[in-house]
Amino acid sequence: MTGPPRGPATRIAELAGAHKEAVQRIHGVLMTSDFSGPYEAAAALVEVAGVGETELVAAVASVWQSQRTDARPIPGAADALRRLVQGGARLALLSDIWPPYLESVRASYGELFDQHIPSRLQLFSFREGIGKPSTELVSRLRNRAGVTPAAAVMVGDSYRKDVEPAVALGLGTVYIRPHTAPAREAPLAARRLPTVADLDLDLVT
């Protein structure tokens, strides 16, 4: 999926008048808490944001509502995933995400996820209580899938959050990074692709 250039924590901090230093703390809470709605989320952010609950309620409610429709599908991505399944690959999902954005993602991919990924292999940070980068999350997913590290491949678009934890655990990796992006990361990724739409079975087996 693609979304707004600024994440929800940054947007909430700006709207609520919180300092930039609070953005990471806000992000950590948002991505690891299973909130039922914006008011519950705002109450949980008071201590880490450094602003009043009144300001946070307005900010979180605004961002929460927009995040419900912010996600946009990547052209060709769904077809690539279906090709993998048709070729015999098993899919699993690991995402740093919070409830309203998952709603937006599922509007495009929910049917595909539920058809081809068992619910136990759909891991979302806000439900697991752990955010990326985390080798624990990767291990948890691999254990639930019942596969060895050598039989698993992480496909991700973040070098630090996806590739590094997977490499540390001995998984194969495919790093999704546009050709226009600066190549400043260490070359640990086994393979690199400009878009997830280019995935094929040979890259993950």
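Values as computed for the structure displayed
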| item | result |
| --- | --- |
| Accessible-area composition of the range 59-187, carbon plus sulfur, in percent [1.4 Å probe] | 50 |
| Helix 99-116 vs. the chain, principal-axis angle (Cα, 0 to 90°, nearest 10) | 20 |
| Beta bridge orientation in the chain: antiparallel %, DSSP, nearest 5 | 10 |
| Proximal charge balance of residue 146 [Cβ under 11 Å; K/R count +1, D/E count -1] | +4 |
| The chain, Cα convex hull volume normalised per residue, Å³ | 120 |
| Simple Cβ-charge dipole of the chain, Lys/Arg +1 and Asp/Glu -1, about Cα centre, in debye nearest 20 | 500 |
| Residue-averaged 222 nm ellipticity for the chain, from DSSP H runs of 4+ at -39500 (n - 2.57), nearest 500 | -13500 deg cm²/dmol |
| Two-decimal Rg/Rh across the range 43-133, once Rg and the Kirkwood Rh are taken from alpha-carbon atoms | 1.08 |
| By accessible area with a 1.4 Å probe, ligands and nucleic acids excluded, highest first: order of 112, 188, 203 | 188, 203, 112 |
| Scattering curve values for the range 103-205, log₁₀ I(q)/I(0), Debye with Cα scatterers, q = 0.16 Å⁻¹ | -0.78 |
| Surface per residue (accessible, 1.4 Å probe) for the chain, Å² | 52 |
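The values are calculated or read from the model by the stated rules, or taken from the named source; none is laboratory data. Computed from a prediction, not measured in an experiment: that's the story for all the values here. We place every Cβ from the backbone using ideal geometry, glycine too, and count neighbours over all the protein chains shown. Side chains are part of the model used for accessible areas, which takes the heavy atoms of the whole protein and leaves out ligands, DNA and RNA. Shrake-Rupley method; radii C 1.70, N 1.55, O 1.52, S 1.80 Å.
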